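Structure, as structure tokens:
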Amino acid sequence: MLEPTTTIPLESAGQATAASRLYQKLRSDILLGELEPGSKLRLSALARHYDAGAIPLREALNRLSAEQLVSQHDRRGFYVCDISQEDVIDLTQVRCWLYEGALRASIARGGREWEDELVLSFYRLGEISRYENNDPAKVNRAWMDPHRRFHTALIAACGSRRTISISENLFDQAERYRNLARLKDYKASVHEEHRSIMEAALRRDADTAVRELLEHLRATCDTVVKALQKKNSAARAKTRSA
């Protein structure tokens, strides 16, 4: 006799869907800097702004907390994770360590399917502008996921789902730094940098692919650090003149 199929109550399924949609909205707003680093996420204000219930809102925030985009403090609530020069340098170093091994493994193991996905993700990314209306102050939301997909495609054949998952999480944290720093010179060269990395990977030239990918990550980090230093200097000058 067949066991009865377990079903999710409609209310629970609806809450799960609402939490997923809310998670995507909150995640996007955090990555774009719409929700500022260090700011408190007041549940009542978020519920009004996102037209969300308390249960899906808490579920979304807990998920973002697990991804280190939101921090939770006992009795103080939720906050957007803060940023710092030290953190972005550490983040970049960890990404370099992780990507080097994953990319080498992916190049060694990847077959035709991996090659096709890498090429497709590159060309789809190239079809989308980094900024809205070529304005560096307005990040194009539509560019973010294809950019993530390209970087994931590079290491997709590494054979480790855990490595890919960690890499994607670190990518999101780095993306937030890029968006907050408003890299005005970033779009000018990034597509050609991606092309060069991709072509080296397709040639199975692991040394060149790894070197160029790490240079790509470190150059972005350097630019972010300079942008943060400039912002910090401006903030200090404003405080002194107040």
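The values are calculated or read from the model by the stated rules, or taken from the named source; none is laboratory data. It should be emphasised that the depicted structure is a prediction, and the values quoted were computed from it without experimental measurement. For neighbour counting, all protein chains shown are included, and Cβ atoms are generated from backbone atoms with ideal geometry for every residue, glycine included.
Condition test on LEU228, is it in a helix (DSSP H, G or I) and modelled with pLDDT of 90 or more?
For LEU228, the condition - in a helix (DSSP H, G or I) and modelled with pLDDT of 90 or more - is not met.
Out of all the residues in region 193-213, is one or more in a helix (DSSP H, G or I), surrounded by 13 or more Cβ atoms within 10 Å (Cβ to Cβ), in contact with an Asp or Glu (Cβ under 8 Å, 6 or more places away or on another chain) and basic (Lys, Arg)?
Within region 193-213 (the criterion being in a helix (DSSP H, G or I), surrounded by 13 or more Cβ atoms within 10 Å (Cβ to Cβ), in contact with an Asp or Glu (Cβ under 8 Å, 6 or more places away or on another chain) and basic (Lys, Arg)), the answer is no, since none of the residues qualifies.
Could you list all residues from region 93-111 that are in contact with a Ser or Thr (Cβ under 8 Å, 6 or more places away or on another chain) and within 30 Å of LYS230 (Cβ to Cβ)?
The answer is ARG95, LEU98, TYR99.
Matching residues to (1) under 17 Å from the mean Cα position of the chain (by Cα); (2) within 23 Å of ARG27 (Cβ to Cβ); (3) among the charged types (D, E, K, R); (4) not assigned by TED's automatic domain parsing to the domain that holds ARG176:
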site: SER65; (1), (2), (3), (4): yes, yes, no, yes
site: LEU69; (1), (2), (3), (4): yes, yes, no, yes
site: HIS73; (1), (2), (3), (4): no, yes, no, yes
site: ARG95; (1), (2), (3), (4): yes, yes, yes, no
site: LEU103; (1), (2), (3), (4): no, no, no, no
site: GLY110; (1), (2), (3), (4): no, no, no, no
site: LEU118; (1), (2), (3), (4): no, no, no, no
site: ASP135; (1), (2), (3), (4): no, yes, yes, no
site: ARG141; (1), (2), (3), (4): yes, yes, yes, no
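Give the residues of region 98-147 that are of a type in the set (Gly, Ala, Ser), in a helix (DSSP H, G or I), touching a residue at least 40 places away in the same chain (Cβ under 8 Å) and buried (at least 18 other Cβ atoms within 10 Å of the Cβ), sorted by residue number.
Of everything in region 98-147, those that are of a type in the set (Gly, Ala, Ser), in a helix (DSSP H, G or I), touching a residue at least 40 places away in the same chain (Cβ under 8 Å) and buried (at least 18 other Cβ atoms within 10 Å of the Cβ) turn out to be ALA102, SER106.
Can you name every residue in region 200-220 that is in contact with a helix residue (DSSP H, G or I) (Cβ under 6 Å, 6 or more places away or on another chain) and among the β-branched types (Val, Ile, Thr)?
Residues satisfying the conditions are THR208, VAL210.
Would you point out the residue of region 23-54, among those that are more than 25 Å from HIS147 (Cβ to Cβ) and in a helix (DSSP H, G or I), that is modelled with the lowest pLDDT?
ALA54
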